[in-house]
Amino acid sequence: MPTAPIPHFYDNPHSSSIHPAVVVQPKELVRLPPLQLKSEALEYESDENEQARFAWRVVSTANKKRILLLAPLGPGSGNAATASRLAHGLCQSSEITVDCLSVDMPHTDSDSLLALIHRYDVVLALHVYRAGHLLTSIYQNNSDLPPLILIFAGTELHSCLLEWMPTIEQIVPKARGLVCFSTEWKKYVESTYTNLLACPITVIPQSVLLSPSIIEQSPFSVPLLSSRKTILWAGQIRQVKDPLFAVRIMSHLDDHEFQLSIVGYETDQSLVNAIRSSCSRSNVTLTGGQSTGHVHALMRTAFAYLNTSINEGMCLAILEAMALRLPVIARRNTGNISIVTHGKTGLLFETPEQAAQCLSQLAKDTALRETLIQQAADQVKKVHSPTAESREYRNLIFSLLE
């Protein structure tokens, strides 16, 4: 199999360490340090201390179809992980090269972005609103543009603000390809934007990409810090993730048996402060944002993975926990029920009391625990394959180029 191009972040635009041949972005675009690859390029990790990450690209090769991937690239975000994985998967094909640009890119005017877009064969946009606010005026006011594929990520579906709607309603009709992660969200989009859809919606589930070192690691190779059963909560600290719900669950559990470990980038300071005030209790700890590899190592030693989100698009952390054979306890919502079947691949709850009951049941019923672990791992392997995901996106891309 030929070696695929490797995505990189690029550093300061004036750095002499970058070969001019790989710099294709307009001067307004920020280039960042190289992305560090681990375990044969199966998992990406970047410096967790970097606060500004805006653009990375794959060195392009002649005769390849060039894809511009627009996505939110904030530290610790599921969208950034999805963008990284999609770019890596697409570049396994000898026919495609991918450049990735953050939707939060500063100082990018419409003319600069238009000039950039004209260099590509297809534009792939993750998060319909956040990418759409950059693309709407361009696709409204110009013709002869590359085909646009919009991917509904999550918050633009379940947490859509009223002021987002004009942008979404203007950009959706311009798309020649639309992607949802699940059938549930596909039905929602079809009913919500019935008169705006100019093309069919393709369902492509999120996939899971783990490094071999994590998969092969013994569950007990990382020393346990406590004799108590650790409930792991991982994600950005923000309202839609509802971490305080997790704290409330702990009030219904025995302090001496269970420990809640909250791991995530501190996006909402008021929430962070509220969680810290709860950390005076002996069974709640808060850790800042960690690398993906570190979170996966924590999953290998935890008792259960807890998701308390008000809603989700399709939660990567849940899929990663399943792949790493960690049982999942998840709040019932549209995104979670698309991947967690109660009593088969995990346990679902609606109230803190129900969540506590699920955790207690998991602690007492070893047979149930093993059943959930095995069936969840089987589902991830069958439905959430990176190879299948990449194939579906490639098929969609080339169908628009015929």
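So here's what we get for this one:
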{"quantity": "Strands (runs of 3 or more DSSP E) contained in region 294-356 and holding at least 3 residues surrounded by 23 or more Cβ atoms within 10 Å (Cβ to Cβ) and modelled with pLDDT of 95 or more", "calculated": "304-307, 328-331"}
{"quantity": "Single residue of region 269-287 satisfying the filter (surrounded by fewer than 16 Cβ atoms within 10 Å (Cβ to Cβ) and part of a loop (DSSP other than H, G, I, E, B)) that is modelled with the highest pLDDT", "calculated": "Cys279"}
{"quantity": "Hey, Ala323 among the hydrophobic types (A, V, I, L, M, F, W, C), in contact (Cβ under 8 Å) with a residue 40 or more places away in the chain and touching a Pro at 6+ places or on another chain (Cβ under 7 Å) or not", "calculated": "no"}
{"quantity": "Residue in region 158-173 that is in contact with a strand residue (DSSP E or B) (Cβ under 8 Å, 6 or more places away or on another chain), of a type outside the set (Asp, Glu), over 28 Å from Lys382 (Cα atoms) and in contact (Cβ under 8 Å) with a residue 40 or more places away in the chain present", "calculated": "yes"}
{"quantity": "Residues that are touching a residue at least 24 places away in the same chain (Cβ under 8 Å) and either assigned by TED's automatic domain parsing to the domain that holds His158 or under 14 Å from Asn307 (Cβ atoms) (or both), drawn from region 341-361", "calculated": "Thr345, Gly346, Leu347, Pro352, Ala355, Cys358, Leu359"}
{"quantity": "Verdict on Ala87 being at pLDDT 90 or above, within 25 Å of Tyr193 (Cβ to Cβ) and of a type in the set (Gly, Ala, Ser)", "calculated": "no"}
{"quantity": "Of residues in region 174-195 being in contact with a strand residue (DSSP E or B) (Cβ under 7 Å, 6 or more places away or on another chain) and assigned to a helix (DSSP H, G or I), the one surrounded by the fewest Cβ atoms within 10 Å (Cβ to Cβ)", "calculated": "Thr183"}
{"quantity": "Qualifying positions in region 79-130 - of a type in the set (Ser, Thr, Tyr) and in a helix (DSSP H, G or I)", "calculated": "Thr82, Ser84, Ser110, Ser112, Tyr129"}
{"quantity": "Any pair with Cβ under 8 angstrom, 6 or more apart, that starts in region 247-268 at a residue that is part of a strand (DSSP E or B) and ends at one that is of a type in the set (Phe, Trp, Tyr)", "calculated": "Phe258/Phe303; Leu260/Trp233; Ser261/Trp233; Ile262/Trp233; Val263/Trp233"}
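The values are calculated or read from the model by the stated rules, or taken from the named source; none is laboratory data. Note that the structure is predicted; figures quoted are calculated from it, not measured. Note that each Cβ is placed from the backbone with ideal geometry, even for glycine, and that neighbours are counted across all protein chains shown.
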